[in-house]
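Here is the structure we will look at.
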Amino acid sequence: MSRAAGLVEGEHLVLRFHPHWKTVLRPLLILAATVAALLVVLIVVPSGSYSIGVRLAGSGLALLIIIAFTAVPLLRWRTTSYELTTRRLRLRAGIISRRGRDFPLMRISDVSFAQGLLDRLLGCGRLIVESPGEHGQLVLTEIPRVQYVQSRLFQLVEDEQQRLASEQQ
């Protein structure tokens, strides 16, 4: 177990992960298609005085597409993380500005998962965390090894309840 920033005394990091890699599949396909289209434009446009403008415009458009539809989603995926500690479920996200949300394990009442056929083949799914209160249900999508994460989170919830019960005695 490693140490993470922002943990309180006695709290240990159990598991840290990002959304499943399938979330970056579409941006990578867009990158490949954009590069292929740019190569076609650069090869097909004949040499001439107007071709420099066409090639520059095609390159600029390709660059905009790559930034908007590839770089930003890849950065979003890389900067989104989920952490399970011995006391809470921590969610962190954001490229430029950061957002975080913590769920104390003692407030979690149910942990379940759901997987479709493709999710089962790829080993990911939705994790559903329920707690009483105004927020009620948290649904995390594209969780890798969702069954393992669900069982580990459930075990951590039980361990935290036992720890709190033993402290009260």
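The separation of the range 94-152 from the range 48-85, counted between C-alpha centres, amounts to 30 Å. Mean residue ellipticity at 222 nm, helices only, the chain: -14000 deg cm²/dmol; runs of at least 4 DSSP H residues each add -39,500 (n - 2.57), and the sum is divided by the number of residues. Considering only 34, 68, 82, and ranking their Cα positions along the charge dipole of the chain that arises from unit charges at the beta-carbon of Lys, Arg, Asp and Glu, the one farthest toward the positive end is 34. The GluC sites (Glu not before Pro) found in the range 48-150 that occupy coil by DSSP, while having at most 16 further C-beta atoms within 10 Å, are 134. The label-point distance for residue 168 and residue 51, in a model that sets each label 7 Å from Cα toward Cβ, rounds to 7.9 nm.
Using the Cβ of residue 17 as centre and a radius below 13 Å, the other residues enclosed give a net charge of +4, where K and R count +1 and D and E count -1.
The charge dipole of the range 5-87, taken about its Cα centre with unit charges on the Cβ of Lys, Arg, Asp and Glu (plus for the first two, minus for the last two), comes to roughly 220 debye. Here the dipole of the range 34-169 is about 480 debye; that uses its Cα centre as origin and unit charges on the Cβ of Lys and Arg (positive) and Asp and Glu (negative).
Readers should treat all values here as calculations from the given coordinates under stated rules, not as data from a laboratory. Since the structure is predicted, the reported quantities are computational estimates derived from the model, not experimental observations. Because the Cβ atoms are built from the backbone with ideal geometry, glycine has one as well, and the counts that use them run over all protein chains shown.
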